[in-house]
Amino acid sequence: MTNIKDVAARAGVSVTTVSRVLNNHPYVSAQKREAVLAAIDEMNYYPNINAVHLSKGKTQAMGVVLPYTDHPYFGLLLKGIASMALEHNYKLVLYQTNYQKRVELEALQMLKTKQIDSLIICSRGCEWSVIEEHMQYGPIVVAEKRDDPRVSLTYVNHYAAFTAALDYLYKKGHRKIGYTISRTNGTSSRDREQAYKDFIRQHGLAYRPDYIIDQCLYFEDGRRVIECIQSMPEPPTALLATSDQVAAGVMLCCHHEKIKVPDDLAIIGFDNQPIAQMMNITTMEIPLEQMGQNLFKQALSGKIDSKEITVSLIERGTV
């Protein structure tokens, strides 16, 4: 296999001169540059990328950990990250985990072995202690609220956002409020659960565990939500769906089951995805593309930084 020494010998120059030509160094005469380029072309030489990375100390690659690529929430986050990667000439290495810890550990190992410059974790399944073990190997940015001064974060205050949505429904006269959740053991899910319990306690309402419906992430999960509600002797009059996809599925099933929205069931979604706009669903807007862009900037700079993303209510026809 042709190496840089072979190219130097063919061109009649030093290895340093070949290296300067490969890196577009200005201090090379036109004659020597032409000789090197001719030798590269004749010998079909390609530089060893790993060697280039070692010499520069950078791979120009950034890892992105996300549980799913087919869900609009993570799709919009990734869109924001990808737009910034293109602008800064960075490659993205995606790790779709389905919350499998093994895959998350693979991504962290890539950072440890310097195969990527930094790592963005959009949502995780592994324990925080595992993240802590790898902070020494390069910038790690997370999309969650953490009280840790060693890591950068861009996050949504899910406790505050959930409380705002609950208060809005309460002011509308609702006292039986349920919500859907994708998983019960995530950081965001725990914040929402605490907000819900504090809200119930503050207003002296009965805590109904059956009003909390988990494993809801996609449009088709709306069918199961309605089936659960229909089986309840005292169904909720309002529902917080922690995804516009689920909210849309619930709304469509309500139409099929002759459940009037919002008269029989008020619905609030989350994220303000295009489907919420098309179906006129009230939602808590999260600027996910902006959030993704900021995650990239933090990973690129390597500086420790914390940014809270503002969430706002978009009122439409489902409350």
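In the stretch 151-165, what residues are in contact with a Ser or Thr (Cβ under 6 Å, 6 or more places away or on another chain) and part of a helix (DSSP H, G or I)?
Within the stretch 151-165, just 158 meets the criteria.
Can you go through 233, 274 and tell me which one is open to solvent by 50 Å² or more (accessible area, probe 1.4 Å), under 22 Å from the mean Cα position of the chain (by Cα) and at negative phi? Outline the logic, then answer.
On the way: 233 fails: under 22 Å from the mean Cα position of the chain (by Cα).
Of 233, 274, the one residue that is open to solvent by 50 Å² or more (accessible area, probe 1.4 Å), under 22 Å from the mean Cα position of the chain (by Cα) and at negative phi is 274.
Quick grid of which residues meet (1) over 30 Å from residue 94 (Cα atoms); (2) at pLDDT 90 or above; (3) in contact with a His (Cβ under 6 Å, 6 or more places away or on another chain):
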site	(1), (2), (3)
13	yes, yes, no
21	yes, no, no
27	yes, no, no
35	yes, yes, no
44	yes, no, no
50	no, no, no
59	no, no, yes
68	no, yes, no
77	no, yes, no
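Farther than 30 Å from residue 136 by Cβ and either part of a helix (DSSP H, G or I) or among the basic types (Lys, Arg) (or both): is that true of residue 179 in this structure? Let's see the steps before the verdict.
Working: farther than 30 Å from residue 136 by Cβ: yes; either part of a helix (DSSP H, G or I) or among the basic types (Lys, Arg) (or both): no.
In short, no.
Can you spot a residue in the stretch 301-313 that is open to solvent by less than 60 Å² (accessible area, probe 1.4 Å), free of Cβ contacts under 8 Å to residues at least 24 places away in the same chain and on the phi < 0 side of the Ramachandran plot?
No, the stretch 301-313 contains no residue that is open to solvent by less than 60 Å² (accessible area, probe 1.4 Å), free of Cβ contacts under 8 Å to residues at least 24 places away in the same chain and on the phi < 0 side of the Ramachandran plot.
With 243, 188 as the choices, which residue is open to solvent by 20 Å² or more (accessible area, probe 1.4 Å) and modelled with pLDDT under 95?
Just one listed residue meets the conditions, 188.
Looking at (1) open to solvent by less than 30 Å² (accessible area, probe 1.4 Å); (2) within 16 Å of the chain's Cα centre (by Cα), find the lone condition where residue 318 falls short.
(2)
Which numbered condition trips up residue 224, out of (1) in a helix (DSSP H, G or I); (2) surrounded by fewer than 22 Cβ atoms within 10 Å (Cβ to Cβ); (3) touching a residue at least 12 places away in the same chain (Cβ under 8 Å)?
Result: residue 224 passes all but (3).
Hey, does the stretch 178-186 have a residue that's in contact (Cβ under 8 Å) with a residue 40 or more places away in the chain, aliphatic (A, V, I, L, M), within 27 Å of residue 67 (Cα to Cα) and in contact with a Gly (Cβ under 8 Å, 6 or more places away or on another chain)?
First, pick out the residues of the stretch 178-186 that are in contact (Cβ under 8 Å) with a residue 40 or more places away in the chain: 178-183, 186.
Subsequent filtering for residues that are aliphatic (A, V, I, L, M) retains 181.
Retained after the next criterion (residues that are within 27 Å of residue 67 (Cα to Cα)): 181.
Going one step further and asking which of them are in contact with a Gly (Cβ under 8 Å, 6 or more places away or on another chain), we end up with none.
The answer is no, given that none of the residues of the stretch 178-186 is in contact (Cβ under 8 Å) with a residue 40 or more places away in the chain, aliphatic (A, V, I, L, M), within 27 Å of residue 67 (Cα to Cα) and in contact with a Gly (Cβ under 8 Å, 6 or more places away or on another chain).
Report yes if some residue within the stretch 247-257 is surrounded by fewer than 24 Cβ atoms within 10 Å (Cβ to Cβ) and touching a residue at least 60 places away in the same chain (Cβ under 8 Å); otherwise report no.
Among the residues of the stretch 247-257, not one is surrounded by fewer than 24 Cβ atoms within 10 Å (Cβ to Cβ) and touching a residue at least 60 places away in the same chain (Cβ under 8 Å), which makes the answer no.
Could you name every one of the helices (runs of 4 or more DSSP H) located completely within the stretch 38-143 that has at least 3 residues being in contact (Cβ under 8 Å) with a residue 60 or more places away in the chain and surrounded by 15 or more Cβ atoms within 10 Å (Cβ to Cβ)?
Numbers: elements: 49-56, 72-87, 101-112, 128-134.
Per the criteria, 72-87.
For residues that are closer than 25 Å to residue 144 by Cα and surrounded by 14 or more Cβ atoms within 10 Å (Cβ to Cβ), tally how many sit in the stretch 192-213.
10
Residue-wise test of (1) among the aromatic types (Phe, Trp, Tyr); (2) at pLDDT 95 or above; (3) under 18 Å from residue 297 (Cα atoms).
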site	(1), (2), (3)
147	no, no, no
152	no, yes, yes
156	no, yes, yes
164	no, yes, no
168	yes, yes, no
171	no, yes, no
183	no, no, no
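The values are calculated or read from the model by the stated rules, or taken from the named source; none is laboratory data. Just so you know, these numbers come straight off a predicted model, no measurement behind them. All Cβ positions, even for glycine, are placed from backbone atoms using ideal geometry, and neighbour counts span all protein chains on display. Surface accessibility is based on the protein's heavy atoms, side chains included, excluding ligands, DNA and RNA. Shrake-Rupley method; radii C 1.70, N 1.55, O 1.52, S 1.80 Å.
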